[in-house]
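Asks: Encoded as structure tokens, here's the structure I'll be asking about.
Where a number appears in this text, it was derived from the coordinates with a stated rule and is not lab data. Bear in mind the structure is a predicted one, so any value in this text is a computation, not a measurement. No Cβ is skipped: glycine too gets one built from the backbone with ideal geometry, and neighbour counts run over all protein chains shown.
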Amino acid sequence: MTSYGSASLRATPDDWLSIGEVSARTGAAVSALRFYEELGLIASDRDHRNQRRYPRHMLRRVALISVAKRIGIPLQDLQEAFADVPLDRPPSHQEWQRASRDWKRRLEERRQTIERLEAELTGCIGCGCLSMKACALLNPGDALAGDGVGPRRL
Ligand code: FES
């Protein structure tokens, strides 16, 4: 958990949200928010009752996480994409721009992978041979070829 200091909690109570408020505003389940926090994707502090309080700028992160989940981006990729975006203060415009460029690059890589898999799958649906030699989908890049000839997993 990132510590923001209790002084700032007292000074600007309207800028801090409970886990329930973040959940209500973002649509993310409370359990999901706790999980994101465990992964370091978001951060909170504790109030005087030892309850989580999230700075308002975490809403943007949670929104981006929700979008990423919807389009199938693994949370690990998000950890990497958010690595240089500070948790302990509102990120600057430039910091979000850098993250955005990295995000765009990852999405492009993902799009290309999906297009390649789509082409391979379409061919395999029409083929059905399931050949370990010829089928790029079943044996991508002939992964075990370097281990020698014959069965490698028996
Ligand atoms: S099933 Fe025949 S090439 Fe994939």
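Asks: Taking the number of other C-beta atoms within 10 Å as the exposure measure, put ARG61, ARG110 in order starting with the fewest. Mind showing how you got there, number by number?
Replies: Details: ARG61 21, ARG110 15.
The fewest-first ordering by Cβ neighbours comes to ARG110, ARG61.
Asks: Then there's this: Can you give the charge dipole size of the stretch 92-144 about its Cα centre, rounded to the nearest 20 debye, using +1 on the beta carbon of Lys and Arg and -1 on the beta carbon of Asp and Glu? All intermediate terms of the calculation are to be shown ahead of the outcome.
Replies: On the way: 9 positive and 8 negative charges, 39 e Å.
Dipole magnitude for the stretch 92-144 comes out near 180 debye.
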